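The values are calculated or read from the model by the stated rules, or taken from the named source; none is laboratory data. Quick caveat: nothing in here was measured; it's all calculated off a predicted structure. Cβ coordinates were reconstructed from backbone atoms using ideal geometry, including for glycine residues, and neighbour counts include every protein chain displayed.
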Amino acid sequence: AAKSSGRNRSTLFGPEIAQAMVSRVETRRSFPLALERGEILFWLQPQVDVRGGRVEGVEMLVRWKREEGMVPPGTFIPEVEREPALIRKLGCHALSEACRLRRELSAPLPTLRISLNIGAGHFLHPAFLDDVDAALRGETGTGLVVEVTEGASLESPERTGRIREELRRRGLELSLDDFGTGFSSLHHVADLLPDEIKLDGSFMRSFRMRTNAFAVVGSTLLLTDLSGSRLVGEGIEHRSDVELWLRMGGSLVQGYFFAKPMSLDDFKDFYARPLPEIALPPVYPVEEL
Ligand code: C2E
Ligand code: MG
Ligand code: MG
Ligand code: MG
């Protein structure tokens with residue numbers, strides 16, 4: 001038995017897994033320090049209303065400033081999310097940075113929406129609303145949008161509904177992020193009625209391959225229109241993506257076609273420049289969906 005468990009151990013902890021554990025320990029150890037040192041910062045990706053021809057908002061996307069450069073979240077967020085205390089620290093940092101950004105941009109861009117991502121573990125944490133209040137310091141939450149993945153909202157739909165009401169009371173909006181990647185149905189969305197739904201970028205990739213995208217987008221757009229919320233298309237990379245999105249009846253987009261995530265200074269420059277010209281095609285009649 002000892003022998004076989006020994007063999008199991010060596011397959012369980014092969015080189016790749018050992019490396020993953022090191023990086024996990026490394027993240028847990030150095031992430032709080034990085035926060036204290038101001039190495040965890042946010043880049044901004046514009047959200048564009050194509051029909052209105054203007055930038056309506058920005059999403060704050062976390063970056064870890066290290067010697068090797070700006071590290072995107074894919075490598076460390078999964079680790080941070082495994083530690084409730086860490087994901088909460090990051091969320092609190094994002095909340096206070098969002099308030100700071102809103103103050104900084106309030107004079108030039110008073111109606112700009114500022115979106116931030118909150119991990120499921122923080123969103124469903126008993127102290128989440130206290131953390132929101134601590135960041136707001138008595139001010140209204142107007143203009144701030146909390147993005148949470150559909151996973152979090154499905155894990156606890158009732159609690160999500162209550163938090164959604166409490167956020168609304170404070171003036172903040174709720175956005176359902178990465179919609180379409182999980183298991184949430186339009187039924188669930190109709191119950192929750194978020195202020196915004198972000199259709200995951202993977203949908204855009206499948207649109208390019210002409211699957212039944214029109215039906216998905218058409219029904220989601222109908223639902224958001226009827227309930228007075230917004231549908232944002234993520235992962236819009238090409239002019240043809242924008243045109244497709246418009247033909248399906250969409251208008252709000254976020255994606256590399258308009259801009260990648262950038263620093264605040266670059267965003268100010270971006271905002272001052274005109275957007276690329278987009279011809280508005282007619283919306284498909286419903287019978288073509
Ligand atoms: P997300 O919230 O869905 O953010 C959108 C991601 O798609 C961003 O990646 C963005 O750079 C990328 N993206 C935007 N447009 C395009 C495009 O046209 N094509 C492609 N291929 N990608 C595009 P990023 O910054 O690497 O963030 C990845 C994920 O990490 C985010 O997905 C979010 O789930 C998480 N994340 C980012 N910032 C935070 C944060 O502050 N807190 C938490 N808890 N999670 C965060
Ligand atoms: Mg997001
Ligand atoms: Mg998303
Ligand atoms: Mg995503």
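General remarks:
- SER156 vs. criteria free of Cβ contacts under 8 Å to residues at least 12 places away in the same chain, within 26 Å of LEU223 (Cα to Cα) and either within 16 Å of ligand 4 (Cβ to nearest atom) or among the hydroxyl-bearing types (Ser, Thr, Tyr) (or both): no
- The range 49-71 residues that are farther than 30 Å from GLU277 by Cβ and without any contact (Cβ under 8 Å) to a residue 60 or more places away in the chain, paired with ones that are among the charged types (D, E, K, R) and outside any strand (DSSP E or B) (beta carbon under 6 Å, 6 or more apart): LYS65/GLU39
- When GLY151, GLY235, GLY180, GLY171 are checked against the criterion of being touching a Ser or Thr at 6+ places or on another chain (Cβ under 9 Å), farther than 27 Å from ILE278 by Cβ and within 16 Å of ligand 4 (Cβ to nearest atom), GLY151 stands alone in meeting it.
- Test result for ALA120, touching a Cys at 6+ places or on another chain (Cβ under 8 Å) and either within 16 Å of ligand 4 (Cβ to nearest atom) or under 27 Å from PHE76 (Cβ atoms) (or both): no
- From the list LEU221, LEU231, LEU226, LEU199, the lone residue that is modelled with pLDDT of 85 or more and more than 20 Å from VAL148 (Cα to Cα) is LEU226.
- The set of residues from the range 160-184 being polar (S, T, N, Q) and either more than 16 Å from ligand 1 (Cβ to nearest atom) or more than 20 Å from GLY57 (Cα to Cα) (or both) comprises THR160, THR181, SER184.
- Count of the range 58-89 residues, restricted to those that are under 14 Å from the mean Cα position of the chain (by Cα) and part of a helix (DSSP H, G or I), is 3.
- Within the range 72-103, the set of residues being of a type in the set (A, V, I, L, M) and in contact (Cβ under 8 Å) with a residue 12 or more places away in the chain comprises ILE77, VAL80, LEU86, ILE87, LEU90, ALA94, LEU95, ALA98, LEU101.
- Residue among GLU173, GLU155, GLU150 that is modelled with pLDDT under 95, crowded, with 18+ Cβ neighbours inside 10 Å, out of contact with any Pro (no Cβ under 6 Å at 6 or more places or on another chain) and of a type in the set (D, E, K, R): GLU150
- Look at the range 104-130: where a residue is surrounded by fewer than 19 Cβ atoms within 10 Å (Cβ to Cβ) and a partner is assigned to a loop (DSSP other than H, G, I, E, B), sitting 6+ places away or on another chain with Cβ atoms under 6 Å, you get LEU124/SER156.
- Applying the criterion of at least 1 residues that are within 13 Å of ligand 1 (Cβ to nearest atom) to the helices (runs of 4 or more DSSP H) found wholly in the range 185-253 leaves 201-208, 239-247.
- Applying the criterion of being more than 16 Å from ASP225 (Cβ to Cβ) and at pLDDT 80 or above to the residues of the range 184-196, the residue that is nearest to the chain's Cα centre (by Cα) is LEU192.
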